[in-house]
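Take a look at the structure set out below.
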Amino acid sequence: MAKNNYVVGLDVGTSKVSVCIGQLNDNNQIQLIAVGQAPSEGVKHGMITDLERATKAIGKAVAEAEKISGLDIDEVSLGVGGSHIKSQHSRGVIAISRTDKEITEKDVERVIDQARAVPIPLEQELVDVLPQRYIIDDQEGIVDPVGMSGIRLETEVLIITGGTAAIKNMIKCVTGAGFRIKDLVVGSLAASSSVILKEEKELGVALVDIGGGKTDIAIFVEGNIRYLGSVPVGGDLISKDLAFGLRTSFKEAEEIKKTHGWARRDLIPSKTEISVTGIGKKEPRQVPVDSVVEMIEPRIEEMLGIIGKEIQKSGFTDLIPSGVVITGGASQLRGLEQCAEQIFGMPTRVGWPQDILGLAQNSQDPGLALSVGLVQLALNEEIRSGSYSGASASSLGKVFKRWTKWLEDIF
């Protein structure tokens, strides 16, 4: 009999709110049991602009997931992202105090505490510290130093901070909709868990999560997250261009983009025409697909150029031979892989959620990468720990315990 406990991943984006409910089956395999979505309102570039509208959108998406699953959701893992999430590298070094020079967990805590002692802007709060690697007496490549011997222990860490106001407002929307927050997880880290292969992370890879209003970037080298970034460009820019150029509604422009859009004109298979309805219920008119793509192509090239500069800014371009994995709702534009590969100058593929049972037609949507990733993180931790108790903290979610504490202090 399948276990009844479940976890819930919530992604509050600019274009839509996505909710995924997952559980482990009797074989400890991850299975989606429901997906709920609703048009997003009151959100821009990953930040809340209208509390009431955003709260209602969250409620609608969760209600749909509840209707499908027959469950009453009360707790969620929340993905957060946007330009307010910052990262920086730091190093710490300590002397081992024990007479036998054996390194203990307390030594690891001490060296991490030293590495985290860096200035943080007033409007930012420390999210946490992610250890990248350990060094014992100049011996590198140490994964877990506990139990080993040495005179000096050194670590390199990635310090992640988040905008206090941005996080507080997102929390208000979720709690205002009637749900507790179990974990706060950086969105690009969650998305990477569902679409990037372990081998790609080990070799070096960049995740590019293109949403409606922003693009989050995460770079992995030797299996560790080394850089987090975000740029305020997303798929909504293309839809707005189409709405303006075709003199139609944003909703119709969005549908035209999904159904007939291409990233490049030279990839269009046939020179057909499509029907476009103008604003005010005017009679539909015929428009060549070539004209539609002519509006899309320069915007895509501009967006990819901005994203490429952010990847270059990281300083890890030469350390990601696996190239770029693009995900998110806007990644479904046909021909995007070819266009991105040419602009980035490195291998590029579109990433879909992987290793998920149930609701295959939904879980294969790149737009669900983040919410599916939140479910995977929580449930994979249950598999590793050998205890399955519902929506428990994921390995990445646990990293954010101190973040949750300061949020509690705020409220």
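Bear in mind that the values in this text are calculations on the coordinates, not laboratory data. Predicted, not measured: the structure shown is a model, and the values here were computed from it. All Cβ positions, glycine included, derive from the backbone under ideal geometry; neighbour counts span all protein chains shown.
By per-residue mean of other Cβ atoms within 10 Å, what is the highest-first order of 130-138, 179-187, 14-22?
Ranked by mean Cβ neighbours within 10 Å, highest first: 14-22, 179-187, 130-138.
If we count other beta carbons within 10 Å of each Cβ, what is the order of Lys309, Lys257, fewest first?
By the 10 Å Cβ count, ascending, the order reads Lys309, Lys257.
What lysines could a cross-link reach from Lys198, if we take a straight Cα to Cα line under 28 Å and drop same-chain neighbours fewer than 8 places away?
Lys3, Lys86, Lys182, Lys214, Lys309, Lys313, Lys398, Lys401
Can you bin every Cα-Cα distance in segment 198-350 into 5 Å intervals starting at zero and give me the percent of pairs per bin, rounded to whole numbers?
2, 10, 19, 20, 16, 12, 9, 6, 4, 2, 1, 0
Given Ile256, Pro366, Leu184, which one lies farthest toward the positive end of the charge dipole of the chain, if we put +1 on the Cβ of every Lys and Arg and -1 on the Cβ of every Asp and Glu?
Towards the positive end, the residue furthest out is Ile256.
What is the Cα radius of gyration of the chain over 2.2 N^0.38 Å, N being its residue count?
1.04
For segment 198-350, give the magnitude of the charge dipole about the Cα centre (Cβ charges: +1 Lys/Arg, -1 Asp/Glu; no others), in debye to the nearest 20.
480
What are the ³J(HN,Hα) couplings of segment 49-63, residue after residue, when phi is run through the Karplus curve with 6.51, -1.76, 1.60 and θ = phi - 60°? Round to Hz, x for glycine and proline.
Couplings: 10, 8, 4, 5, 5, 5, 4, 5, 5, 4, x, 5, 5, 5, 4 Hz.
If we count every other residue with Cβ under 14 angstrom of Ser90's Cβ, Lys/Arg +1 and Asp/Glu -1, where does the sum land?
+1
Taking the 0 to 90 degree range and rounding to the nearest ten, how far is the long axis of helix 164-176 tilted relative to the main principal axis of the chain, both from C-alpha atoms?
70
Going by C-beta contacts inside 10 Å, put Thr99, Thr327 in order with the fewest on the left.
By the 10 Å Cβ count, ascending, the order reads Thr99, Thr327.
Near the amide H of Ile85, under 5 Å away, which other amide H atoms are found, from residues 5 or more places off or on another chain, if H is placed in the peptide plane?
Gly163
Can you give the charge dipole size of the chain about its Cα centre, rounded to the nearest 20 debye, using +1 on the beta carbon of Lys and Arg and -1 on the beta carbon of Asp and Glu?
Charge dipole of the chain: 960 debye, to the nearest 20.
How tilted is helix 401-410 with respect to the longest principal axis of the chain? Cα atoms for both, answer in degrees (0 to 90, nearest 10).
The angle comes out near 70 degrees.
Per residue of segment 86-101, in order, report the coupling 6.51 cos²θ - 1.76 cosθ + 1.60 (Karplus, θ = phi - 60°) as ³J(HN,Hα) in whole Hz, putting x for Gly and Pro.
Taking θ as phi minus 60°, the curve returns 10, 9, 8, 8, 8, 10, x, 8, 9, 9, 7, 8, 5, 5, 8, 6 Hz for segment 86-101.
Under a straight-distance cross-link criterion of Cα-Cα below 27 Å, which lysines are reachable from Lys282, leaving out those fewer than 8 residues away in the same chain?
Within reach: Lys240, Lys251, Lys257, Lys258, Lys271.
Report ³J(HN,Hα) in whole Hz for each residue of segment 330-346, in order, from the Karplus equation J = 6.51 cos²θ - 1.76 cosθ + 1.60 where θ = phi - 60°; Gly and Pro get x.
Rounded to whole hertz, the list is 6, 6, 7, 4, 5, x, 5, 4, 4, 5, 5, 4, 5, 6, 6, x, 7.
Please list, in chain and number order, the residues 5+ apart from Gly204 or on another chain whose amide H is under 5 Å from its amide H, with Hs placed from the backbone.
Under 5 Å from the amide H of Gly204 lie the amide H atoms of Glu222, Gly223, Ser322, each far enough along the sequence or on another chain.
Would you order Met47, Met148, Met170 from fewest to most other beta-carbon atoms within 10 Å of each residue's own beta-carbon?
With the fewest neighbours first, Met47, Met148, Met170 line up as Met148, Met47, Met170.
Tell me which residues come under 5 Å, amide H to amide H, from Arg133 once H is placed; ignore anything under 5 positions away on its chain.
Counting only residues 5 or more places away or on other chains, the set is Glu156.
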